[in-house]
Each structure stands twice: as C-alpha cells, then as structure tokens.
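Student: Right, I'll just put the structure down here and ask away after.
The values are calculated or read from the model by the stated rules, or taken from the named source; none is laboratory data. For clarity, every value in this text was computed on a predicted model and none was experimentally measured. Cβ placement follows ideal geometry from the backbone for every residue including glycine, while neighbour counts extend to all protein chains displayed.
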Amino acid sequence: MYSIEQRDADLRGTTSAITYTLSFDRAPQHLVHVRMRVDRVAGDAVTLVMPSWSPGSYKIRDYAGYQGNVVAYAVKGGARTRVDASWRDKASLVVPTLGAEAIEVEYLVYCHERTVRTNHVNRFHAFLVPTAVCMYVEGRTQEIHHVRLMHNQTQWPSVSTALSPVAAPGADGVLLGALNYDILADSPIEIGDHQVRTFTAAGAMHEVAMPTNHALDIDWLTAQCERIVKVEAEIFGGVPYDRYVFIIQIYPGAGGGLEHARMSVNAVDPSTLLDASKVTGLLSLLCHEYFHLWNVKRIRPAELGPFDYTRETYTPMLWLAEGLTSYYDDLLTYRCGFTTEKAYVEALSKEHIARLAAVPGRFAMSTRDSSYLAWLKLYMQSPDGNNRFPSYYLKGGVAMFLLDAYIIDHSDGTYSLDDALRGMWKRYQADPSRGMTEDECIAIIEESTKIQVRDRVLSWLSGIDELPYEEILTPLGLRVESTAKKSDPVTIGEKIPFARVPAAPYCGWGLAESNGKITVRSVDDNAPAAQAGIGIDDEIIAVNGKRVSTIAQLDHYLGTAVGTTATVDAHCDGRLYSVSLTPIAPPSVRLVEIESPSSRQKQMRERWLRRNL
C-alpha cells in the first residue's frame, strides 16, 4: 500500500534492516560518503537502484552520474568480504550475497549543485536530497529505513528534515527514520549552523530553518509562516501532520521551491528580505509550496504515487497539481493579508493573464498535452518553446481562475473552488493509497459545488482556443482589456511635465546584453522580428545606420520608429545581413473592473475576494 503519512512517534525506538550512514569528512570537496547496509538478505543477489528523478521536478536527472567509488561487501559473522558487484543498467547495481546475512555498499556522491532539488555540500553545510544520495533495495521499499548522520555536531548543530528522530543524538551520530522509501525520498535534509525557530499552529509543531550567511529577520519570517499555516489549514479543516518544516535557503541568485509531504524547500536571493517591494514574492512562494502538502502530495493525480524512480511518470493532470496551486498561491497571499485587493488583482492581471497572452504556444498545444510532455517541454524547454506550448502552471492557473469564477457565478456565491478542494480532500482521506483519475477529479468538483463543469473544463484544458474571459468574468464585474500600451505621463519637481520619451517598441524578441553585444534569445511567431527574418542567436548591430551596444539604446532608436520601418543590421553565422523591421506599440492585456458594475456583479466579486483576517 502506497503511503506518505508519518508521525515522529511512529519511528521512536525502531530498528531497520536498511540503514544509510552518511559521513562528511570530505565536505570541503563537496563529497558525502555513503555506507548502505542491508540486513536479512535472501536469494543469490540484492539489486540496489539510484533514482533518476525526484517527484515534483519532472526531469530525468540521472543522479547516478554523481555517484562513484562503489564498493560492495558481503557480511557474515561480523566479517566483511569484498564481492564483485555488477551494473545491470546505468543506475542499478546487482550485489551477490554469497550466503551472507547482510550486504554493504559504500560509495561517494559529488554534491555541488545548489538548487532545491539537488545536493549541495561544503565545509559549512550539507543539503541532501535523498533520491540523489540513497539507493533503494529493489522489492523492499516498504520497509522502515534509517539514516545515520555522522558529522561534527558542534560545527553543524542544526539538522532540519521531515525524517523522524529514532534516538537522541549522541557520539554515534544523529539517527533518523522513515516508514518506507517513498517517505525517505520525500524528506530532504539540511545540516549546518543555520538558525531555527519553532511555533505551534493547527495543533501541530512547525519549524522554520533559514540557512544563510546574511543577517536577516527570521522571527518576522516565522510569524508570516504561522499566518500561512492558519489561513491554509482553515480551507481544509486542519493539517494532516504532527510536524512540518519550512526550509528557506537564502543565497545570491537563489530561486525556486519544491514541495514535500511534511516540509517544503524554498530558495530566494537575500535581497528579497531586504526590500519590502520584493518580499511578497517570497511569501507567495511559501504559500504555493505549503499548499502542495494537500494539493499534489495528497490530493494527487493517479500517476503521482506510487512512483517508478527510474523513468518518466506521465500525467495529463498537472493542471490540477500545479495550475490550481499557481492560481491559489497569489489568492492565498491576498487572503493572508500580504497584499491588498488592488495589488492582488494587478498581480493576477500582470503575472497570469498578460503573461499567458504573450505565449503564442497557447494556440499550438493544449494544457493537458503540455502536462503530459512536461519532461521535455517545460524542464528542457528550447529557446523556441514559447511558440510551441503553454506552461501548465500558467495556462492551467488561469483556467482554474475561470473555473472558480464560474462556480461562484453559477451557484450565486454559495460555492467556490474551496468547496471542490474540500471534496477532493475527503476523497484522499477515504483512500490515501490511491490518486484520482481526471474523470473522478471533475466528478468531485461537480458533486462538491452542485455545478456541471465537465464539458467546459475539459474544453479549456484540451483545446487551443483563447479562453472565454468575457463570458466567465463579466458576472464578477471584470473584463480583460487588450490595447496598445501607452506611456504614462511623467512629471518632475512641482508637477513639471517631463520631456516626451519614445514609447518602448514591441518587436517580439527576447534579448541578452553582454560586453557590448546584443544577442537575440527568442523570437515570437508572427511578431515583427519574425516577419523581418531575425533568428535566435543573431547579433543586433545597428538601427538605421546607428551602432547599438545596449538594449536601452536599441529600444530608444526603435521607439522613435514605432509604426514605421527601420533598417536593422545584424550578424548570423559569421555573415552580416540587413532587414526591414516595423516595430509596433507594445500590446497591453489587463484585467480591469467593469465601469458601473451591477449590485450582483459587486456581490460576486466580493464573494470571490472574501477573506478572514
């Protein structure tokens, strides 16, 4: 039976026939030493497998590529005998037992990629993703697994993980445990001298761990995490765990997050907590990853658990897993009081609807197909990807916004998408071992809201037409406005009008600037740049005979030519060429309130934006 549920009390004092001992003597070289012991072996051989990917991040990462110096032993009567193990494939090791009671395998793992889904170890800390460190025993993943951490507990006093303590830390290390391999795989470990704070909310213990070299206010951040827990737990009527860990990694250039059943790993740049204008992005990320403990980890597509860690797991339902969560993260940021109503609607307009309008690929591939092909289309996106597919995060999130609006309107404000979530949560609680099919999911939405939505939802998710904004949003007193963007008037001093500045042009290209060179990184289908014949990786050299070396300079020259034709000199594959380019005023797609909304439209909008502070 597939299960990801665990409480700390379940592991105290347990024993395990599968144990990993992790040592960090070579941490400065970004290496962790692993000794894996498997007791109670049977048969002629034991097969050990290193996963090829981590759930939640749909890309084959081939973690075995970072593994080396693999040595295997048979253990009998306390003595170890080295044996000749053989590789069955790129990540599977067959170890002969030779009649022994146990086998041991030792290996090194190189850990020097700093993301939320990969290992990073140096002299000051270790962040470990179990799927990238711990091989599993084929056929024995449902047993208790122990992990022993052997590190200098004075230099690295803090250990933050969803793995449960088995015994008190001592000279023999820190012993942690999981009821099965799936739980181990879902429980990253942060070890170091990082700050930790705790709080109790919704009847459970919570930990906030902040690995960083910067002096930042962890107490303020902890208070916001507590607010997130209370607001989100209210939707579902409580939390499904005894302890939860927020790991918030803060280092230059950091970004991203990854969800887990009893924890989340979030990464941001230090500037995020030093600038009030940026911090909402972090709070939205925390809302997003925390929401996943229900939606994805438990409310999940049937394909997302149990997992095959050696190959791709395909599902058309990432519109539920990530699209729904993407809609809710900004909504929850608003419900938590981290942003105003006006700012939330502006974020929904700018970061969701306007961004989707800038994706030509929404007319080329459906959201369901985008989900199914996530392994290639999202995580290995080509520079031309914007033209070929829509992100299931983005279009899926907008579709879920429309679904929420549709439910609110057609139930006269009695129901919302919250009710559908509660229905799906009840379904999980009734049968945690099994995920939902798409048909079952939509049936639960209809049953929970008393509204028929199947045909509409499937048409939005399976089709490539523009989403029906006007029809669905008008009852909420909203509309999507598409116009040419105009420059807002600017004043200086005592309201003195500033000199006229040319409007930024729209060419439909993405540019990069480096060492005085401007390089084209993307070109939208049917945009002015594509019509002119400009390609990806071409270098833009001049406009109307004037040399350009910065994007700002290029925009200025093209801005004066909006609506007229400019001559662009460029470079491709060692040759110069010239084309005629006609930039246009940049399009503006905005979500705006209808003028003079009716009383019912106001009521439906208020129902949508209702919150309890």
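Student: Against the definition (assigned to a strand (DSSP E or B) and either acidic (D, E) or touching a residue at least 12 places away in the same chain (Cβ under 8 Å) (or both)), how does T15 come out, yes or no?
Tutor: Values: assigned to a strand (DSSP E or B): no; either acidic (D, E) or touching a residue at least 12 places away in the same chain (Cβ under 8 Å) (or both): yes.
In short, no.
Student: A follow-up question, please. Considering segment 146-195 alone, what residues qualify as being over 24 Å from Y309 (Cα atoms) and of a type in the set (V, I, T)?
Tutor: Correct list: T154, V159, V166, V174, I191.
Student: What strands (runs of 3 or more DSSP E), lying completely within segment 515-613, carry at least 2 residues that are of a type outside the set (A, V, I, L, M, F, W, C) and in contact with a Gly (Cβ under 6 Å, 6 or more places away or on another chain)? Steps first, answer last, please.
Tutor: Values: elements: 517-523, 539-543, 566-572, 575-581, 587-593.
Here the list reads 517-523.
Student: Can you pull out every residue in segment 519-532 that is surrounded by 15 or more Cβ atoms within 10 Å (Cβ to Cβ) and either more than 15 Å from P583 (Cβ to Cβ) or modelled with pLDDT under 95 (or both)? Steps first, answer last, please.
Tutor: Going through segment 519-532, the residues surrounded by 15 or more Cβ atoms within 10 Å (Cβ to Cβ) turn out to be 519-520, 522-525, 527-532.
Once the filter is applied, which keeps residues that are surrounded by 15 or more Cβ atoms within 10 Å (Cβ to Cβ) and either more than 15 Å from P583 (Cβ to Cβ) or modelled with pLDDT under 95 (or both), segment 519-532 yields T519, S522, D525.
Student: Moving on to the next point. Considering every residue within segment 70-91, establish whether at least one is in contact with a helix residue (DSSP H, G or I) (Cβ under 9 Å, 6 or more places away or on another chain), crowded, with 19+ Cβ neighbours inside 10 Å and touching a residue at least 24 places away in the same chain (Cβ under 8 Å).
Tutor: Yes, that holds for at least one residue.
Student: Identify all residues within segment 356-381 that are more than 15 Å from E322 (Cβ to Cβ) and part of a helix (DSSP H, G or I); write none if there are none.
Tutor: Of everything in segment 356-381, those that are more than 15 Å from E322 (Cβ to Cβ) and part of a helix (DSSP H, G or I) turn out to be A357, P360, G361, R362, F363, L376.
Student: Is it the case that segment 20-33 has a residue that's in contact with an Asp or Glu (Cβ under 9 Å, 6 or more places away or on another chain), of a type in the set (K, R) and over 30 Å from L318 (Cα atoms)?
Tutor: No, segment 20-33 contains no residue that is in contact with an Asp or Glu (Cβ under 9 Å, 6 or more places away or on another chain), of a type in the set (K, R) and over 30 Å from L318 (Cα atoms).
Student: Are any of the residues in segment 93-110 under 28 Å from the mean Cα position of the chain (by Cα) and not in a strand (DSSP E or B)?
Tutor: No: zero hits.
Student: Taking segment 14-51 as the search range and keeping residues that are small (G, A, S) and closer than 29 Å to L98 by Cβ, which one is surrounded by the most Cβ atoms within 10 Å (Cβ to Cβ)? So that I can check it myself, show each step before the final result.
Tutor: Filtering segment 14-51 for residues small (G, A, S) gives 16-17, 23, 27, 42-43, 45.
Retained after the next criterion (residues that are closer than 29 Å to L98 by Cβ): 16-17, 23, 42-43, 45.
Values: S16: 20, A17: 16, S23: 18, A42: 8, G43: 9, A45: 17.
In this case the residue turns out to be S16.
Student: Taking segment 578-603 on its own, how many of its residues are in contact (Cβ under 8 Å) with a residue 12 or more places away in the chain and either of a type in the set (S, T, Y) or more than 26 Å from A354 (Cβ to Cβ) (or both)?
Tutor: Start the filter on segment 578-603 by keeping residues that are in contact (Cβ under 8 Å) with a residue 12 or more places away in the chain, which leaves 579-594, 597-598, 600-603.
Keeping just the survivors that are either of a type in the set (S, T, Y) or more than 26 Å from A354 (Cβ to Cβ) (or both) gives 579-580, 582, 588, 598, 600, 603.
Summing the residues that are in contact (Cβ under 8 Å) with a residue 12 or more places away in the chain and either of a type in the set (S, T, Y) or more than 26 Å from A354 (Cβ to Cβ) (or both) in segment 578-603 gives 7.
Student: Please verify whether V196 is touching a Leu at 6+ places or on another chain (Cβ under 6 Å) and not small (G, A, S), treating the condition exactly as stated.
Tutor: Working: touching a Leu at 6+ places or on another chain (Cβ under 6 Å): no; not small (G, A, S): yes.
Answer is no for this residue.
Student: Okay, moving on. If N515 passes every condition in (1) surrounded by 14 or more Cβ atoms within 10 Å (Cβ to Cβ); (2) within 38 Å of the chain's Cα centre (by Cα); (3) more than 30 Å from A364 (Cα to Cα); (4) not aromatic (F, W, Y) but one, which one does it miss?
Tutor: (1)
Student: Another question about this same structure. Kindly list, by first and then second residue, each pair from a residue in segment 49-68 that is closer than 19 Å to P301 by Cβ to a residue that is surrounded by fewer than 18 Cβ atoms within 10 Å (Cβ to Cβ), limited to pairs with Cβ atoms under 6 Å and residues at least 6 apart or on different chains.
Tutor: W53/I60; Y58/W375; Y58/Y379; K59/Y379
Student: What residue, among those in segment 150-175 that are of a type in the set (A, V, I, L, M) and surrounded by fewer than 24 Cβ atoms within 10 Å (Cβ to Cβ), is nearest to A223 (Cα to Cα)?
Tutor: V159
Student: Then there is this: Condition first: in contact (Cβ under 8 Å) with a residue 40 or more places away in the chain and under 25 Å from R300 (Cβ atoms). Now tell me which residues in segment 406-416 satisfy that.
Tutor: Scanning segment 406-416 gives Y406, I407, S416.
Student: So is W425 farther than 27 Å from I60 by Cα, part of a helix (DSSP H, G or I), of a type in the set (F, W, Y) and in contact with a Ser or Thr (Cβ under 9 Å, 6 or more places away or on another chain) or not? Outline the logic, then answer.
Tutor: On the way: farther than 27 Å from I60 by Cα: yes; part of a helix (DSSP H, G or I): yes; of a type in the set (F, W, Y): yes; in contact with a Ser or Thr (Cβ under 9 Å, 6 or more places away or on another chain): no.
So W425 fails the test.
Student: State which residue is farthest from Y393 (Cα to Cα) when the search covers only segment 266-280 and only residues that are more than 13 Å from the chain's Cα centre (by Cα), at pLDDT 95 or above and not polar (S, T, N, Q).
Tutor: P270
Student: In segment 397-411, is there at least one residue being in contact with a Gly (Cβ under 6 Å, 6 or more places away or on another chain), crowded, with 18+ Cβ neighbours inside 10 Å and at pLDDT 95 or above?
Tutor: First, the residues of segment 397-411 that are in contact with a Gly (Cβ under 6 Å, 6 or more places away or on another chain): 397, 400.
From what's left, crowded, with 18+ Cβ neighbours inside 10 Å: 397, 400.
Imposing the further condition that a residue be at pLDDT 95 or above reduces the set to 397, 400.
The answer is yes; a qualifying residue exists.
Student: Can I ask one more? Determine the pairs where a residue that is outside the structural domain of G423 (by TED's automatic domain parsing) and part of a helix (DSSP H, G or I), located within segment 214-243, has a partner that is aliphatic (A, V, I, L, M) and surrounded by fewer than 17 Cβ atoms within 10 Å (Cβ to Cβ) with Cβ atoms under 8 Å apart, the partner being 6 or more residues away or on another chain.
Tutor: E226/A201; V229/A201; K230/A201; A233/A201
Student: Name the one entry in R368, R298, R355 that is under 23 Å from W53 (Cα atoms) and either surrounded by fewer than 20 Cβ atoms within 10 Å (Cβ to Cβ) or touching a Ser or Thr at 6+ places or on another chain (Cβ under 9 Å) (or both). Step through it out loud before you land on a result.
Tutor: Details: R298 fails: either surrounded by fewer than 20 Cβ atoms within 10 Å (Cβ to Cβ) or touching a Ser or Thr at 6+ places or on another chain (Cβ under 9 Å) (or both); R355 fails: under 23 Å from W53 (Cα atoms).
Residue meeting the stated conditions: R368.
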